[in-house]
Protein chains: 2
Amino acid sequence: MILSQTSIYAIRAVIHLAEAEGDDPVRVDDIAEALKVPRNYLSKILHGLTRTGLLESTRGPKGGFVLARAPGRIRLSDVIEPFDDIAGSSGCLLGRARCSDANPCPAHARWRDVSMQVRAFLANTTMEDLANVPANRAALEV
Amino acid sequence: MILSQTSIYAIRAVIHLAEAEGDDPVRVDDIAEALKVPRNYLSKILHGLTRTGLLESTRGPKGGFVLARAPGRIRLSDVIEPFDDIAGSSGCLLGRARCSDANPCPAHARWRDVSMQVRAFLANTTMEDLANVPANRAALEV
DNA sequence: TGCTATCTTCATATTCATATGATGAATGTG
DNA sequence: CACATTCATCATATGAATATGAAGATAGCA
């Protein structure tokens, strides 16, 4: 599995929010039930995304989570970053902390191209690409 | 990290065996020391590779592990397979057990190409590509 | 102000990958 | 056959990811 369970939950939750009709906050309980995911665990994950500014949360009645910006401006890498370090040492196939053109692991030269494709995918794919964004929301995006 | 620590140890050990001079078996202790890897843990990993027929082991004095075939005929995927399920559910970015063209996850269409490149890399890269194979050994390969 | 709804946080449990240590089984050599 | 050498296996420990449960904090509303 290339992504942790945590990142997968995060992505699915953000997709869910992107697909939500209207601008009302969505409660953790509703997302957790829709995704069949543990409630408190998801709560902690969404809180993580709130800290990085990807989501906004409000407490109390009518509270919940909303996307902080349009789905088209949220990259997959933005969602994953708080939980999985894809760019760092994970970039080396053999897990070396230091692996570069100057100081390569045995797989470096051949893995580099593939690795860059993976990272390009994560950087170029947005939530709009993955979600069925409602027409009214898509129309508002710039 | 795309690969488990276990797979990484396995790859590094097989590279070490491919680079070994001569055809004498190499002891676990020597490999473990060269790789700075826990001895008994590595032993279990090498045993796993022996069970799939990638390595051959002999016990007693002068015993140890040797490659069961030429490095050029050992694919990266052969080494990883016993420990990481790359082809199976790991193929789906969102971790779904069932994810196919007919029953796709939200990321399926876009992830498919990248995923196939990863798998092609693992299937097309051999230990000869990764190791500094000694000349005498390389010359023997067909 | 008090109540409810909701996110936030803390404490703890479970599971799995990773790792360690000790013992068992096989093999070659004298 | 006795012994040393080596892989094989078992029992257990550790740490991180995953998950659960309960209490705390904040916001809106009557």
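Only residues that are in a loop (DSSP other than H, G, I, E, B) and more than 9 Å from chain A (Cβ to nearest Cβ) were counted across segment B:106-134, and they come to 2.
Of the residues that make up segment B:76-83, is at least one within 25 Å of the chain's Cα centre (by Cα), within 13 Å of DNA strand C (Cβ to nearest atom), part of a loop (DSSP other than H, G, I, E, B) and not basic (Lys, Arg)? So far as segment B:76-83 goes, yes, one or more of its residues are within 25 Å of the chain's Cα centre (by Cα), within 13 Å of DNA strand C (Cβ to nearest atom), part of a loop (DSSP other than H, G, I, E, B) and not basic (Lys, Arg).
In segment B:72-93, of all residues being buried (at least 20 other Cβ atoms within 10 Å of the Cβ) and within 12 Å of another protein chain (Cβ to nearest Cβ), the one that is modelled with the lowest pLDDT corresponds to B:Ile86.
Yes/no matrix, rows are residues, columns are (1) within 14 Å of chain A (Cβ to nearest Cβ); (2) touching a helix residue (DSSP H, G or I) at 6+ places or on another chain (Cβ under 7 Å):
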residue	(1), (2)
B:Ala13	yes, yes
B:Ala20	no, no
B:Arg39	no, yes
B:Ser43	no, yes
B:Gly48	no, no
B:Thr52	no, no
B:Leu55	no, yes
B:Arg59	no, no
B:Gly63	no, no
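Being in contact with a helix residue (DSSP H, G or I) (Cβ under 6 Å, 6 or more places away or on another chain) and surrounded by 14 or more Cβ atoms within 10 Å (Cβ to Cβ) is a property that A:Ile8 lacks. Taking first residues from segment A:3-18 that are closer than 16 Å to A:Ala34 by Cα and part of a helix (DSSP H, G or I) and partners that are more than 12 Å from DNA strand D (Cβ to nearest atom) and small (Gly, Ala, Ser), the Cβ contacts under 7 Å between residues at least 6 apart in sequence or on separate chains come to A:Ile15/A:Ala131; A:His16/A:Ala34; A:Ala18/A:Ala131. Residues in segment A:29-54 that are surrounded by 12 or more Cβ atoms within 10 Å (Cβ to Cβ) and over 25 Å from B:Arg96 (Cα atoms): A:Thr50, A:Thr52.
The values are calculated or read from the model by the stated rules, or taken from the named source; none is laboratory data. Note that the structure is predicted; figures quoted are calculated from it, not measured. Ideal geometry is used to build each Cβ from the backbone, glycine not excepted, and the neighbour counts take in all protein chains shown.
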